[in-house]
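**Q** Have a look at this one.
The values are calculated or read from the model by the stated rules, or taken from the named source; none is laboratory data. Note that the structure is a prediction, hence the values are computed from the model and not measured. All Cβ positions, glycine included, derive from the backbone under ideal geometry; neighbour counts span all protein chains shown. Protein only, heavy atoms only, side chains kept; ligands, DNA and RNA dropped before computing areas. Shrake-Rupley method; radii C 1.70, N 1.55, O 1.52, S 1.80 Å.
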Amino acid sequence: MQTKPVIYIKDVYFSYNGSIVLENVNLTISELESICIVGPNGGGKTTLLKLILGLLKPDKGEVRVFGRKPEQVRLKIGYIPQYVQHDQQFPVSVMDVVLMGRLGYRLSGLYKKTDKVAARSALDEVELADVSERLFSALSGGQKQRVLIARALACEAELLILDEPFAHVDALVEENLLDTLHRLSTHMTILLVTHDLGFISKIFTSVICVKREVVVHPTCEITGEIIQNMYGKNISLVRHDHRCAEKGHTHD
Amino acid sequence: MTEFIAALFDPNIPFIRYAFIAGMLASVAFGIIGTYVVTRRISYIAGAISHCVLGGIGLGLYLQLKVGISWCDPMYGALAAALAAAVIIGLVSMYARQREDTVIGALWAIGMALGLLFIAKTPGYIDPMSYLFGNILLISKGDLWLIACLDILIVGISIFFYNKLVAVCFDEEFARMRGIRAGAYYLLLLCLTALTVVLVVRVVGIVMVIALLTLPAAVAGHFSQRLWHMMALAALFCMFFIGTGLAYSYSYDLPSGPVIIVFAGAVYLAVILGNSLFKRL
């Protein structure tokens, strides 16, 4: 029997206040794929994510996650937002934030021992076990990002969705995050959004370009021409692995 | 201060004792809900709810004295108006694509206007001042029971749903992703805020509600690492502010509400200044 696609999108259209953001989107993502979604600002990347998460409804077309409506399978999805719009002085510990990943359909909001065990192992996974009792707002940007990943891991999700996880972190943290993702990619389907083409790394099996329309490319086929078509300007690729580089190794 | 303590135990002036007990009991609710109001940044919603309370009080008085429905106490009107305002603001912010602050401002003023109109049309002289600026010394023994029940309700709900409410306040979108009905919890929070606001109105009056809800929590926030620490500390600070305020207002023959608020404000300022000085050292 063939495995069901994790994400299946057919003929989807979406508009905000009458202006079309996404049109004619068709997309199938299978289990254990690691996908990188790229595209210019305002191209509809985050909208596509929100459609997959069920936070937005398509005007037309069909979105299925694990074969069902997104809002029915939310507990299987670990979502890592671009940033948390929280009160900067919100008094909450790292452990508390990770534990939020354990809030499910249970009526009461009290945590059990198994929840704490799961939260602790999620913190181990992102190597932050030693700061678990620290105040969340006292952490650095990169650490916060890893806490949010741990929170998503604590959900025991099968699909991990990251929205611009590298927006506020330096190169070293980015390396660590990519390593973590690489490890996770062996047992989870991963979807990562970035506007920065430098992240088209070999850990991803395919790249999805979003600019009103959605085009899927295997990572190796990404060329300067595709990028230029998408962004409309002369943009150079930063080389991350030998197979996919184009135009040499430039940083500008 | 000693004369205030003596007055507390004087059997001939029970209203001082009632005021003090009411203040202590209500502080528990103020601390918990005030913490949510401060961290979720809805103090202006609390302000709008409190001003709508005047509309409810006015309607209550009108029905009681003009229409002749004798059981219709202004407090029921206040409760109904507060809950209605909370639900309207909650639904508007969730569903209607309106600017939330515009709606809050409109409700704020309309609630007051309706209240004044109802009072104007109610026979007899009613001084809106005691509602606007409160008078904790008017609290009766029956009110104490009401406050105690409300405390139990608020503490119970806050403990039972603590983690979910924290998650909704901290990151609503993620909470929704975990299958939590964030909208319902937000409405629950607003309704609890409304109930608390009615209590605060009894203590310091409509105009000063925001201060007594936010200042203790804001002070507590400087010393807290967890939300429940902040709640407990805020409740203690609130008790301290109300107790001290009452004592001073008794000793110097001043209206209690403003004394409580000025004292709370002074402590808040001192904590902010002390904190920034401490950080520079």
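**Q** What pairs can you find where one residue is in region A:150-162 and open to solvent by less than 10 Å² (accessible area, probe 1.4 Å), the other is modelled with pLDDT of 90 or more and of a type in the set (F, W, Y), and their Cβ atoms are less than 8 Å apart, with a gap of 6+ or different chains?
**A** Once the first residue is open to solvent by less than 10 Å² (accessible area, probe 1.4 Å) and sits in region A:150-162, its partners that are modelled with pLDDT of 90 or more and of a type in the set (F, W, Y) give A:L159/A:F66.
**Q** Restricting the search to region B:100-156, which residues are assigned to a helix (DSSP H, G or I), more than 23 Å from B:V37 (Cβ to Cβ) and small (G, A, S)?
**A** B:A113, B:A120, B:S130, B:G142
**Q** Let me ask something else about it. Could you check, for region B:166-173, whether at least one of its residues is in a helix (DSSP H, G or I), open to solvent by less than 10 Å² (accessible area, probe 1.4 Å) and within 15 Å of B:A26 (Cβ to Cβ)?
**A** Checked against the condition, which is being in a helix (DSSP H, G or I), open to solvent by less than 10 Å² (accessible area, probe 1.4 Å) and within 15 Å of B:A26 (Cβ to Cβ), region B:166-173 yields no hits at all.
**Q** List the pairs whose first member sits in region B:154-167 and is facing chain A (nearest Cβ under 8 Å) and closer than 21 Å to A:R102 by Cβ, whose second member is surrounded by fewer than 18 Cβ atoms within 10 Å (Cβ to Cβ) and not hydrophobic (A, V, I, L, M, F, W, C), and whose Cβ atoms are under 6 Å apart, counting only residues at least 6 apart or on separate chains?
**A** Once the first residue is facing chain A (nearest Cβ under 8 Å) and closer than 21 Å to A:R102 by Cβ and sits in region B:154-167, its partners that are surrounded by fewer than 18 Cβ atoms within 10 Å (Cβ to Cβ) and not hydrophobic (A, V, I, L, M, F, W, C) give B:F160/A:S108.
**Q** In addition: Given B:A182, B:A235, which one is under 26 Å from A:L135 (Cα atoms) and open to solvent by less than 10 Å² (accessible area, probe 1.4 Å)?
**A** B:A182 is the lone residue from the list that is under 26 Å from A:L135 (Cα atoms) and open to solvent by less than 10 Å² (accessible area, probe 1.4 Å).
**Q** Which residues, taken from region B:20-67, are under 24 Å from B:M112 (Cβ atoms), open to solvent by less than 10 Å² (accessible area, probe 1.4 Å), within 14 Å of chain A (Cβ to nearest Cβ) and not aliphatic (A, V, I, L, M)?
**A** Selection gives B:G34 alone.
**Q** Could you tell me whether any residue of region B:130-150 is within 14 Å of chain A (Cβ to nearest Cβ) and either more than 21 Å from the chain's Cα centre (by Cα) or within 19 Å of B:I32 (Cα to Cα) (or both)?
**A** no
**Q** Go through region B:94-104 and give me each residue that's within 30 Å of B:Y62 (Cβ to Cβ) and either among the hydroxyl-bearing types (S, T, Y) or open to solvent by less than 40 Å² (accessible area, probe 1.4 Å) (or both).
**A** Answer for region B:94-104, where residues must be within 30 Å of B:Y62 (Cβ to Cβ) and either among the hydroxyl-bearing types (S, T, Y) or open to solvent by less than 40 Å² (accessible area, probe 1.4 Å) (or both): B:T102, B:V103, B:I104.
**Q** Please go through (1) crowded, with 16+ Cβ neighbours inside 10 Å; (2) over 20 Å from B:E173 (Cα atoms) for A:V117 and return the number of the only condition it doesn't satisfy.
**A** The single condition A:V117 does not satisfy is (1).
**Q** Suppose the filter is of a type outside the set (F, W, Y) and over 21 Å from B:C149 (Cα atoms); does B:G60 pass it?
**A** Considered against the rule, which asks whether it is of a type outside the set (F, W, Y) and over 21 Å from B:C149 (Cα atoms), B:G60 comes out as yes.
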